[in-house]
Structures are given as structure tokens and as C-alpha cells.
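Q: I have a structure I would like to understand better, so I am pasting it below and will then ask my questions one at a time.
The values are calculated or read from the model by the stated rules, or taken from the named source; none is laboratory data. Fair warning: this is a prediction, and the values are worked out from it, not measured in the lab. All Cβ positions, even for glycine, are placed from backbone atoms using ideal geometry, and neighbour counts span all protein chains on display.
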Amino acid sequence: MSETTLVQGLGGRPALAHTALGPRGHWLSGNLPEFKADRMAFLMDAVREYGDIPRFRFGRRITHLVHHPEHVRVVMQDRYQNFSKLSVGWKKLKLLLGDGLLTSDGDFWRRQRRIAQPAFHQTRIAAFARTMTDAAEEMARDWTVLADRGKPVDVAFEMMKITLTVVAKTLLGTDLQDEQAFRTVRWGIAVAIDYINRHIYRLVDVPGFVPTRGNREFHRAARDLDQLIYSIIEGRRRHGSERHDLLAMLMAARDEETGEGMTNLELRDEVMTMFLAGHETTSVALTWIWYFLATHVATARTLRAELAEVLGGRAPTLEDVPRLPFTNLVIKEVLRLYPPLWAFSRIVHQDIEIGGRVLPARSVVILSPYVTHRHPEYWDNPEGFDPRRFADEERIKSLPRFAYMPFGGGPRNCIGSAFAMLELQMLVATLAQRFVMHVQGGHSVVPRPILTLRPKGGMPMLLRRLTRPAGAPRTASPARIAG
Ligand code: HEM
């Protein structure tokens, strides 16, 4: 039986609400063991069994999953100020990202967002299209050698490399040519993500100051990353720069209300945030795109036909984006099925009623694009991969705003969504014209939902080179097509 409580409803009016129901758990750990055993299955089962707002206990923490689009809207938009990012996951990320946009809250977040927003305007982002295709062309050259050798390539790792290169060039104006710098960033971020992943859902956590191996490694990675980022910021401050990358935009940005710019520490936090948020999610999305193309031959064929007709083997440009609608459908469907940021959380500030359920102050709310994107009320055959569902514009327009939310929504939506979409379009269009990929035989692909939805054990694939895309005009240089 659920209890009834008088709480603050929408618009601040008092409302009667019931305690939400959920699976019984262990007296001490609650539902944490089942959740950790299979996170996505646990959440999907809970929704099936307990309806729209299932309730769990992770250790002492009361937690609700809010997944119906109308309820998500309350958390992310209508009453977003009643929810903070003080949950364990975000606090752990803060160890690396400090008070960057992703992890800060309240007035400070509002000010930073106001300053950073113009740097992500469509017209600014558009200037990065060329950097993105150049990075893909360079990767295509390396892949040509690998394809000819017939050796499997870990596409998850390759996508991490390329998105890191793109973010380094566009954000910091550095091509990380210095092998040491590239390794610092790659290693540092990998160590930090792994550390955060291991520490998010623990019943008892070892404090960061205890000199365990994990803590020491994390602090060393964070220190190396700090040194690198500060040296770049200071170099810019000393010598000035003609560059038009994101760092230049962030350094030049002034708060419209106060006229203030960012301090070195604020810049460091934002740069670290963009470094992480700007490459990890996009690389995960690309990895799944290659996976779905490898396993859905007809879709891959249609995509290649579109690329051949519009591009005929040349690199895509920004102007090509509206001419590649099928490519766009594939990207959207992959982001629906396997949203890279598959779940994230909030802490409730004051008791609130949502959907007739009470969410008490200090409890945790899980929001999950993965679960919401499978809501049977809005998605037919939700588990099926069907890019064409996004071609039905009437239907898509009729969906509530939060039925599809790979980039979140409301005031805290992803600031880099236009950047990410452009990067996905440019990289997919460049590489899919040159290579066909197959998952290496014997490797079973399993999503591993931790911070992001990476495939467990990477994505080993065999590459086959396409010498000339079907339909390519004869004038296209074969050398260019073959990379
Ligand atoms: C496919 C790629 C991406 C996905 C799926 C994605 C997803 C998301 C989501 C779901 C959020 C909201 C989190 C929340 O509400 O707690 C978010 C926020 C954010 N993302 Fe992305 N993101 C992507 C790419 C990027 C890129 C390329 C950048 C930067 C260049 C970026 C920077 C950020 C930042 C700074 C925030 C925090 C915004 C704020 O709270 O003001 N993201 N992202």
C-alpha cells in the first residue's frame, strides 16, 4: 500500500500525492545490487511492473525514475529550479570538471551559460565543418592501410581518437600533434572516466584523500590535464591569438549584464568540460552508428546511395547537410535507440508532486533518454531500428517535446548539440563513402551503461575499402576516393 502526503503541486499549489511503488530491496543496500547487475534491464523492468514513476532505494538514497515525457518536462523545464545537480554522479564528475557548465548549478551556472552560449551559435559552429571533414579524411588514409592489411580495428577507440582530435582543434586550436600532449589528454580522460564510473554507485566510498592506487592515479591524471590546459590558456593570454576557436570565443566573451570575462580557473573548468563532454558522447554515438550500419545492410545501402548521389566521392561540406536527409534519419534513430548519455540524475530541492506521486526533498531523480525513447505510447516497435520513423514529420511533430531527448532539454539542454550533429553528419558522410565495416566474427556486442553507453570490450570491426562509390562521377579522382 502506498501512503498519501500533502505536497507542493505544479504552480506551487498544495496537492495530495501517493508514495510511488517499486521493487523491495535488501535492508541495507536496497536495490543497488540488482541495478548494478544490469542497469538498463533493471529500469525497463521497473517501468513495466510499477508504471510511470517507480521508486527504488540505493543504499539510503530514495530514488525515482521519471521517464514519461510529460513528467520529464516538469523536472527539466517547468520546475527545473527545484532540481539540482548535487547527486553522486555529478559530484564525482565535479572532481574533474570543477564548476564547468555540465556540473555547476544556480546563479553561477546561469552566468557561465550566458557567457558561453554565443560561442555555440549555429554560425560559429558552421566554421568547424572543414576541420571535421579534414580529420575524417586523415583517418580514412590510416584506415586504408589497415583495411588492406585485413586486421580488425577497434572502431570505438578510433572514434574516440577522431572526436578528441576534432574537439582539440576546434576548441583549443591545437592539433595535439605533440604526441605527449595527445597521450596526456587521452590517458587523463580515460583514467578519470574509469575512476568516476567505479565510484558512482558504491554503498561505501573511500574518500579521495586516502592514498589508494585508484585515488593516486586519478589525481595524477587530473594534475597532468590541468597543467596542459593552463599552459594553453596562459599562452593565449600572453601572446594573444587571431584564432576563432571556442577557447578564443570563451576568452573574449563578456557577461552581457556585468561586462565580466572568465577567470583562468573558470576557463580551465569550461575547457575540461568541453574536452570531456565534447568528445566522449559523440564518439559513442559514432561507434553505434557504425554498428547499426554494419548490421543493417539495406539501411547501409540506402545511406551509401544517398552519399554517392549527392557527394559522388568528395568530402561533404556544410551546404550538403540539408541534401543528406537519410543520413540525418540514421543518426537520429541511433541516438534514439542508444543515446550516449543514457541516464543522468538530479536531487529534489523541495518535496514535489509529479503524476500523483510524491518526490521528497533530497531524494534522487533518474532521467533516462534510453527508457523514455522506448515509451510504447509514443514509439511503435520501440526496440526496432527503423530510421524511417523520423521521416514521418507529422507524427514526430505530434510527439511531446521530451519523448525524444538525446540532448536533454529545457534550460540545461546540451549546449553542444548543433556541434555534435554537424560532426556526426560530416564524419559519417566522409567515412561511409570509403569503407564498409563488419563486426569481427565471434565478438558479441553488448552495451555497457555506465557514465555513457559504450560497448563492452570496444567495437572490433573489419574494414573493407570501397574504391569508387556507386554513382560517383568519372571526374572524381580515384586517388582521392581511395584516400
Ligand atoms: C552526441 C553527442 C552528445 C550528446 C548525446 C550529448 C548529450 C547531452 C545531454 C543529455 C545533456 C544534458 C545533461 C543534463 O541535463 O544533466 C548535455 C549537456 C551538455 N553537453 Fe552535451 N551531448 C553531446 C555532445 C556535446 C558536445 C559536442 C559538447 C561540446 C562541444 C557538449 C557539451 C555539453 C555541455 C557543456 C552540457 C551542459 C549544459 C548545461 O547544463 O548548461 N555536448 N549533453
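Q: Show the residue pairs that are 6+ apart or on different chains and have beta-carbon atoms under 6 Å apart, the first residue being within segment 266-291 and surrounded by 24 or more Cβ atoms within 10 Å (Cβ to Cβ), the second being assigned to a helix (DSSP H, G or I) and not aliphatic (A, V, I, L, M).
A: His279/Thr163; Thr282/Thr163; Thr282/Glu423; Ser283/Thr163
Q: Moving to a separate point now. Name the single residue, out of those in segment 127-154 being within 16 Å of the ligand (Cβ to nearest atom) and not hydroxyl-bearing (Ser, Thr, Tyr), that is farthest from the chain's Cα centre (by Cα).
A: Here the residue is Ala127.
Q: Condition test on Gly409, is it surrounded by fewer than 19 Cβ atoms within 10 Å (Cβ to Cβ) and either modelled with pLDDT under 95 or within 27 Å of Ile193 (Cβ to Cβ) (or both)?
A: no
Q: Considering only segment 254-265, how many residues are of a type outside the set (S, T, N, Q), in contact with a helix residue (DSSP H, G or I) (Cβ under 9 Å, 6 or more places away or on another chain) and surrounded by fewer than 21 Cβ atoms within 10 Å (Cβ to Cβ)?
A: The number of residues fulfilling the criteria is 6.
Q: Turning to a different aspect of this structure: For segment 32-58, give me each residue that is of a type in the set (Gly, Ala, Ser) and surrounded by fewer than 18 Cβ atoms within 10 Å (Cβ to Cβ).
A: Ala37, Ala41, Gly51 - these are the residues of segment 32-58 that are of a type in the set (Gly, Ala, Ser) and surrounded by fewer than 18 Cβ atoms within 10 Å (Cβ to Cβ).
Q: Across segment 319-355, what is the number of residues that are under 25 Å from Ala127 (Cβ atoms) and more than 16 Å from the ligand (Cβ to nearest atom)?
A: Number satisfying all stated conditions: 6.
Q: Shifting gears a bit: Here are some conditions: (1) part of a helix (DSSP H, G or I); (2) farther than 23 Å from Leu265 by Cα. Arg216 meets all but one. Which one does it not meet?
A: Every condition holds for Arg216 apart from (2).
Q: Quick check, is Thr103 in a loop (DSSP other than H, G, I, E, B) and β-branched (Val, Ile, Thr)?
A: In short, yes.
Q: Out of (1) within 13 Å of the ligand (Cβ to nearest atom); (2) part of a helix (DSSP H, G or I); (3) over 28 Å from Arg434 (Cα atoms), what's the single condition that is false for Leu86?
A: Among (1) within 13 Å of the ligand (Cβ to nearest atom); (2) part of a helix (DSSP H, G or I); (3) over 28 Å from Arg434 (Cα atoms), the lone unmet condition for Leu86 is (2).
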